[in-house]
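Student: This is the structure I want to talk about, given as structure tokens.
The values are calculated or read from the model by the stated rules, or taken from the named source; none is laboratory data. Quick caveat, the model's predicted, so the values are computed rather than measured. Glycine gets a Cβ as well: all are built from the backbone with ideal geometry, and neighbour counts include every protein chain shown. For the accessible areas, the whole protein counts, side chains as well, though only heavy atoms, and no ligand, DNA or RNA atoms are used. Shrake-Rupley method; radii C 1.70, N 1.55, O 1.52, S 1.80 Å.
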Amino acid sequence: HGIHARTESGDLLPKLIIREVAVQASSAPGSRGFVLSNHDSNVTGGIYCSSIQDSLVKGGISLDGTGDSNVLARNVVTGAGVGYDIATIGGASGPFLYDENCTSAGGTMVVRRGRRLAITNPNFELQDNGDATANGGAVIHFLNDSGIGVGGYILGGLVSGFTDAIFDTLVRVENHTGLTFRDVTFSAGHSGASAIAIEPTARNTRVYGC
């Protein structure tokens, strides 16, 4: 990985601030630009109230087992794979994303576990070289394969897929209760794609002004 911060059992790491960094994943399979991770037995989430800001990230950002109130703000995320891979510790709130720009080629986001995830004013695009097949065919995938998602929202911004990009839907929602979309611009570049695919395992998904 480009930068990897990891907490072990019993560790606490609040207020880690990473700012104005240009970082790139290595060529190794599964390598990411940034990884913030936590040992499975550390029920506190380890890294909390921390942030990655104003950085250029090639290879994506992974939050694995992290705690409450982590922030991603004004970053440019691009390169191979999925832009953001999110799996907070059970019960943790967040992360909170503000003004993020992502054009990662494998899809912009997969959420594996999270509560009260908040995304404000994103610019998320699957461009013509993009292929979201491995991300459930979605530009953003609320997969929640590591725990039921609860609450959260996307407010404003743009979620789009370009004409020659490979995707079925801009957003796929699974295993999630109470997710809200408000004033988001959805732009699917080809007629075969939907804006939002709400699967039978999703509950109380709300869409306003989109």
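Student: Looking for something of a type in the set (S, T, N, Q) and closer than 23 Å to Arg32 by Cβ - is there at least one such residue anywhere in region 121-128? Break it down stepwise before answering.
Tutor: Within region 121-128, the subset of a type in the set (S, T, N, Q) is 121, 123, 127.
Remaining after also requiring closer than 23 Å to Arg32 by Cβ: 123, 127.
Checked region 121-128: at least one residue is of a type in the set (S, T, N, Q) and closer than 23 Å to Arg32 by Cβ.
Student: Restricting to strands (runs of 3 or more DSSP E) lying wholly in region 91-210: which have 3 or more residues that are touching a Ser or Thr at 6+ places or on another chain (Cβ under 9 Å) and open to solvent by 30 Å² or more (accessible area, probe 1.4 Å)?
Tutor: In region 91-210, 185-188, 194-198, 206-208 are the strands (runs of 3 or more DSSP E) which contain 3 or more residues that are touching a Ser or Thr at 6+ places or on another chain (Cβ under 9 Å) and open to solvent by 30 Å² or more (accessible area, probe 1.4 Å).
For every residue, the table says whether it meets (1) out of contact with any helix residue (DSSP H, G or I) (no Cβ under 7 Å at 6 or more places or on another chain); (2) without any contact (Cβ under 8 Å) to a residue 40 or more places away in the chain; (3) polar (S, T, N, Q); (4) farther than 20 Å from Arg112 by Cα.
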residue: Ile148; (1), (2), (3), (4): yes, yes, no, no
residue: Gly152; (1), (2), (3), (4): yes, yes, no, no
residue: Phe162; (1), (2), (3), (4): yes, yes, no, yes
residue: Ala165; (1), (2), (3), (4): yes, yes, no, yes
residue: Thr169; (1), (2), (3), (4): yes, yes, yes, no
residue: Val173; (1), (2), (3), (4): yes, yes, no, no
residue: Gly178; (1), (2), (3), (4): yes, yes, no, no
residue: Val184; (1), (2), (3), (4): yes, yes, no, yes
residue: Ala188; (1), (2), (3), (4): yes, yes, no, yes
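Student: For region 63-88, which positions are crowded, with 24+ Cβ neighbours inside 10 Å and either among the aliphatic types (A, V, I, L, M) or in contact (Cβ under 8 Å) with a residue 60 or more places away in the chain (or both)?
Tutor: Leu63, Leu72, Val77, Val82, Ile86
Student: When you check Val43 against the structure, is it touching a strand residue (DSSP E or B) at 6+ places or on another chain (Cβ under 8 Å), in contact (Cβ under 8 Å) with a residue 12 or more places away in the chain and outside any helix (DSSP H, G or I), yes or no? Working first, answer last.
Tutor: Values: touching a strand residue (DSSP E or B) at 6+ places or on another chain (Cβ under 8 Å): no; in contact (Cβ under 8 Å) with a residue 12 or more places away in the chain: yes; outside any helix (DSSP H, G or I): yes.
For Val43, the condition - touching a strand residue (DSSP E or B) at 6+ places or on another chain (Cβ under 8 Å), in contact (Cβ under 8 Å) with a residue 12 or more places away in the chain and outside any helix (DSSP H, G or I) - is not met.
Student: Please identify the pairs in which a residue from region 8-28 that is over 13 Å from Gly60 (Cα atoms) has its Cβ atom under 9 Å from the Cβ atom of a residue that is exposed (fewer than 12 other Cβ atoms within 10 Å of the Cβ), counting only partners at least 6 apart or on another chain.
Tutor: Glu8/Ser41; Ser9/Asp40; Ser9/Ser41; Gly10/Ser41
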